[in-house]
Amino acid sequence: MERKVLLAPLDPVHDIGLKMIKRGLEESGLETRLLPPDTPPEEIIRIALDEKFNTLLLSRTLGYGVAELLARFVDLADAAGLRENVKIGIGGMAIRPELAAELGFDAGFGPGTTVEEAVAFVEGREYNPEETIIKKEKTDFTAPYKYTYGNQTMGNLLDKVSQQIISWVGNKTSPGVERAKLREELWDYQSFLKMQENQEFLKKYPELCDQVPKDYYLQGKIHPKTRELTKEELENYQSFITEIKERMKVKKLQHRRKAPVIWNQYGTGCPFMDIGHIKVSESWGADGVVHFDPSWGARTEGFLGGDLTHQEDGTVITPNNLARIYQSLEKSTLWQVRAHRGLNTPETVVLAGKIGADFTKINVCYGSLAAGTDPARLTVDGFYAIKYAAQYKMPFDIVTNEELTGVPAYKAFAGMLIMADLAIKLGARPILQPLFAYSPEMMIGGQMEDNYIDFNAAKIYALRSIIDAPIWPGAPIGFLTQTEDRVQSSMSTSLHALLATALGVDAISIASADEAYSGGPISVPSKIDTLRGVEESFRFLGNAGIKPTAKAEQWQKEIIDGIEGVLKQVAAKGDFVQSLYDGLLGTREEGAYPGRAGRNTVEEI
Amino acid sequence: MAKLMEKVMDALDVETFIVCDSEDEGKGIALEMMKNLGFDDADLVFIEFIGPGARIRARAYLHRSGDKYGWLFSSREGGK
């Protein structure tokens, strides 16, 4: 049967709500007619009868005299026989469903009513709010990419450098690689969950560790800045997380576009506080969360065990901590465990992969030039880490944080592309992570004096012209543009998110509004600030765009030329590791210092 | 009050405008105010002094990482 809906505002002026519902009804294929405001009730009833409408939707925004007005309308409708064939709904700011029911309307819609709810009433079906609950699914945003080179000269140079690395690593190992092998061969996640750990693993593992983990396994001593969570805390946590998970709903920040995936970092030091932060991030729309571990963890050979809380930034990687965090995640939440910079790089990938991480992070160049690990050591460890990332089907980003010490973008990008090419050859799925940052190069060179758009756009254009690969600017976007003012900080993050979206990138990492505050831990509300801001920026942009100035193209070309120059030098040197020590991918003057952690620990097999 | 504060996940921020003559004075007032409100672990996240005074965001940490979190326990006690 054809359904015709008559819409009539019982107000002198207000009819916006009905106009919105009218559009929803028409999109559902229903015939509608909207009467002008202040049409007399008698006239509304006459039109409904004469033109054989099936449904009448009335609205009332003004509160005064509403009960009397509606009661009179119902009387008139009854007297005219309208109720026999026409169902009548009433909605608006002044309406409460109880009042509508009391007066005899077929339905009453109060403030907050959705268009879908009104459409369901007209179509005579029960409104099911479940249908409007957002359903999120994990997505592998690397899947559409083919990793082919648009710039073949660059592809050929990268091939040469990758072959250097593969050949150099061929007969080498390190304590990190050996621990990763042990973890891979003898440690099983399901057995761990059943508290049936492999005794052979526990016997061999401490031998490959530094003193602190050794003391933990052999003498039960824990790191001085950590403590074991108590039995009482663990029991209460279980009740807490069960209750929270029961009422969890996830939110989507993307408006019309599917991308970018939004990542939030956590790493308060405590797995319980982390989980509190994660549940907030998920609720306010983050698609993925990144595990941030303490800096001393990256300089220590081996992982600790147990349920450890830490009094400073960064949550200690232990199987217990990672497993607890993983189990707290919503099914749709992507999880990244960073492995990129330290002495536990390959083992982090194995452990995270076994527990269930979706992504990891590896960059030999950044880790050895700006994060303190010896280049030779990290080249061996990074190589195996990439192989494990491929084995566990974990795409990984290659962050170019060496830009933050002053290394020019083109040099950091050369290093990133070397890692990406090596990863492709080893069967992994790398993600390019250029910084969207007001880096020292920008501060000194003045490229961002006018705007933050052109140089960031140039980076994306340059990378896209070189290789067909996913791009995930970070980390976080807008780094060094944010101040301690939470309005400015949220705004800057949101505008960078808007730019990243306009440039069509696949993912972004966003900071909290506390990004620039160094006096204490990041607070939960400050995470919500930026998630809300980013949501609003997506709503603002929709499918529209941002137009960079001509500078973007000029800088794109300069970046490409710069990368090519660096790759030529590294390829000509014939030794990737020596290139790192010699500053081809970042000099000491630029703030890149080859790290010392793990020096002289690489062994030939 | 103390029981209520257990429900705060980590920190409580106070945002306001303080009429003062300088940034230093505004900072002093803000921190003293937090102390008078009973917050021992307080800091000034942000201050911007212009014209008649200072826009501030002061923060008190109710739970820092590694603490025993009230909300972890009160959730169970006050729960279903």
Select from the stretch B:62-80 the residues that are more than 8 Å from chain A (Cβ to nearest Cβ), touching an Asp or Glu at 6+ places or on another chain (Cβ under 8 Å) and either at pLDDT below 90 or at positive phi (or both) and list them in ascending order.
-> B:SER74
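Output yes when any residue across the stretch A:157-172 is in contact (Cβ under 8 Å) with a residue 40 or more places away in the chain, under 33 Å from the mean Cα position of the chain (by Cα) and outside the structural domain of A:PHE303 (by TED's automatic domain parsing), and no when none is. Talk me through it step by step, then tell me what you get.
Restricting attention to the stretch A:157-172, the residues satisfying the condition of being in contact (Cβ under 8 Å) with a residue 40 or more places away in the chain are A:157-162, A:164-166, A:168-169, A:171-172.
Right, trim to under 33 Å from the mean Cα position of the chain (by Cα) and you get A:157-159, A:161-162, A:165-166.
Applying the additional criterion that residues be outside the structural domain of A:PHE303 (by TED's automatic domain parsing) yields none.
There is no residue in the stretch A:157-172 that is in contact (Cβ under 8 Å) with a residue 40 or more places away in the chain, under 33 Å from the mean Cα position of the chain (by Cα) and outside the structural domain of A:PHE303 (by TED's automatic domain parsing).
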Determine if the stretch A:280-293 includes at least one residue that is surrounded by 19 or more Cβ atoms within 10 Å (Cβ to Cβ), within 14 Å of chain B (Cβ to nearest Cβ) and either free of Cβ contacts under 8 Å to residues at least 12 places away in the same chain or among the small types (Gly, Ala, Ser) (or both).
-> yes
Count of the stretch A:225-249 residues which are surrounded by fewer than 19 Cβ atoms within 10 Å (Cβ to Cβ) and of a type in the set (Val, Ile, Thr) | 3
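Within the group A:ILE460, A:ILE477, which residue is under 21 Å from A:GLY415 (Cβ atoms) and assigned to a helix (DSSP H, G or I)?
Values: A:ILE477 fails: assigned to a helix (DSSP H, G or I).
Going through A:ILE460, A:ILE477 in turn, just one is under 21 Å from A:GLY415 (Cβ atoms) and assigned to a helix (DSSP H, G or I): A:ILE460.
Report, by residue number, each residue of the stretch A:96-128 that is in a helix (DSSP H, G or I) and either surrounded by fewer than 10 Cβ atoms within 10 Å (Cβ to Cβ) or aromatic (Phe, Trp, Tyr) (or both). Break it down stepwise before answering.
Of the stretch A:96-128, the ones in a helix (DSSP H, G or I) are A:97-103, A:115-122.
Result: A:PHE121, single match.
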Those residues that are in contact (Cβ under 8 Å) with a residue 40 or more places away in the chain and of a type in the set (Asp, Glu), I need them from the stretch A:173-189; list them, please.
-> A:GLU184, A:ASP188
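Please verify whether A:ILE522 is in contact (Cβ under 8 Å) with a residue 40 or more places away in the chain, surrounded by fewer than 21 Cβ atoms within 10 Å (Cβ to Cβ), within 14 Å of chain B (Cβ to nearest Cβ) and on the phi < 0 side of the Ramachandran plot, treating the condition exactly as stated. Please lay out each step first, then the result.
On the way: in contact (Cβ under 8 Å) with a residue 40 or more places away in the chain: yes; surrounded by fewer than 21 Cβ atoms within 10 Å (Cβ to Cβ): no; within 14 Å of chain B (Cβ to nearest Cβ): yes; on the phi < 0 side of the Ramachandran plot: yes.
Judged against the criteria, A:ILE522 is not a match.
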Of the numbered conditions (1) at pLDDT 85 or above; (2) within 40 Å of the chain's Cα centre (by Cα); (3) not aliphatic (A, V, I, L, M), A:PRO111 satisfies every one except a single condition; which is it?
-> (1)
Filter result (touching a residue at least 40 places away in the same chain (Cβ under 8 Å), in contact with a helix residue (DSSP H, G or I) (Cβ under 9 Å, 6 or more places away or on another chain) and surrounded by fewer than 21 Cβ atoms within 10 Å (Cβ to Cβ)) within the stretch A:467-497 | A:LEU480, A:MET491, A:LEU495
Residue list for the stretch A:236-263, filter: more than 14 Å from every other protein chain (Cβ to nearest Cβ) and of a type in the set (Val, Ile, Thr) = A:VAL250, A:VAL261, A:ILE262
If you go through the stretch A:1-60 one residue at a time, how many are surrounded by fewer than 20 Cβ atoms within 10 Å (Cβ to Cβ), touching a helix residue (DSSP H, G or I) at 6+ places or on another chain (Cβ under 6 Å) and of a type in the set (Gly, Ala, Ser)?
-> 2
Looking at (1) without any contact (Cβ under 8 Å) to a residue 40 or more places away in the chain; (2) surrounded by fewer than 24 Cβ atoms within 10 Å (Cβ to Cβ); (3) under 23 Å from the mean Cα position of the chain (by Cα), can you tell me which one A:ARG464 breaks?
-> (1)
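For (1) within 9 Å of another protein chain (Cβ to nearest Cβ); (2) in contact (Cβ under 8 Å) with a residue 60 or more places away in the chain; (3) not charged (D, E, K, R), each residue gets a yes or a no:
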position	(1), (2), (3)
B:ASP10	yes, no, no
B:ASP40	no, no, no
B:PHE46	yes, no, yes
B:GLY53	no, no, yes
B:ARG59	yes, no, no
Where in the stretch A:293-410 are there strands (runs of 3 or more DSSP E), lying fully within it, with 3 or more residues that are within 27 Å of A:VAL250 (Cβ to Cβ)?
-> A:334-338, A:359-361, A:396-399
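The values are calculated or read from the model by the stated rules, or taken from the named source; none is laboratory data. Values in this document were obtained by computation on a predicted structure and should not be read as measured data. Reconstructed Cβ throughout: ideal geometry from the backbone, glycine too, with neighbour counts over all protein chains shown.
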